[in-house]
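**Q** Structure below; questions to follow.
What follows draws every value from the coordinates through simple rules; no lab data is involved. Computed from a predicted structure; not experimentally measured. We place every Cβ from the backbone using ideal geometry, glycine too, and count neighbours over all the protein chains shown.
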Amino acid sequence: MSVKLVDHSWTKIIERDAFAKIVLRDKIEKVQQLEEAIRSNDGADAAGNVLNHGLIVHALKRCLENLDGSTTLTEQDFWVCYEFATAAARKAEKILAEDDDSEE
C-alpha cells in the first residue's frame with residue numbers, strides 16, 4: 001500500500017497560517033483513513049505499529065490546537081509535535097513501501 005503523507009502540502013503546515021489549519025485537518029483525516037484501511041486489511045496491531053499507535057494524529061491535532069489559539073500549547077509544543085508527526089509519517093510511508101516491495 002504505497003502512500004504519500006508528507007508531500008508538498010504537508011510542508012505548508014510550518015507557515016502556521018489559515019492554510020496550515022486546512023492542511024492539518026486534511027492530514028488528520030487522511031491518517032485516520034489510512035489507519036482504518038490498514039486495520040481492516042491487516043488488523044489493529046499492524047495499524048498501530050505502522051502509524052505509531054495514534055501518535056501521528058495526536059501530534060497533528062496538537063499542532064492544530066496551537067494554531068487555533070490554545071493557551072496550553074506553546075509554539076515550542078507546535079514544533080515538537082510537527083517534527084514528531086513528520087518523522088513518524090515518513091517512517092510509516094517507508095514501512096508501507098517496504099511492505100509493497102515484499103508482496104511483489
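**Q** Once the piece of chain linking Met1 and Arg90 is laid out straight, how much longer is it, given 0.36 nm per residue of separation minus the C-alpha distance between them?
**A** Numbers: separation 89, 0.36 × 89 = 32.04 nm, distance 1.40 nm.
Length gained, Met1 through Arg90: 30.6 nm.
**Q** Output the 0 to 90 degree angle, nearest 10, between the alpha-carbon long axis of helix 55-67 and the longest principal axis computed from the alpha carbons of the chain.
**A** Computed tilt is about 20 degrees.
**Q** With the crude spin-label approximation of a point 7 Å out along Cα→Cβ, what separation in nm comes out for Trp79 versus Glu98?
**A** If labels sit at Trp79 and Glu98, their model points lie 3.0 nm apart.
**Q** Something else now. Explain nothing, just compute: Karplus ³J(HN,Hα) = 6.51 cos²θ - 1.76 cosθ + 1.60, θ = phi - 60°, for every residue of the stretch 84-92 in order, whole Hz, x for Gly and Pro.
**A** For the stretch 84-92, the Karplus curve yields 4, 4, 5, 5, 5, 5, 5, 5, 4 Hz.
**Q** Related question: Once both labels are modelled 7 Å past Cα along the beta-carbon direction, what's the Asp42-Ile14 spacing in nm?
**A** It is 2.9 nm.
**Q** Compute the relative contact order of the stretch 8-101 as a whole-number percentage, counting only Cα pairs closer than 8 Å that sit 6 or more residues apart in sequence.
**A** Answer for the stretch 8-101 is 23 percent.
**Q** Further question: Given the stretch 8-101 reduced to its alpha-carbon atoms as identical point scatterers, what log10 I(q)/I(0) does the Debye formula return at q = 0.16, 0.21, 0.23, 0.24 Å⁻¹?
**A** Ignoring solvent entirely, the Cα scatterers give -0.64, -0.99, -1.13, -1.20.
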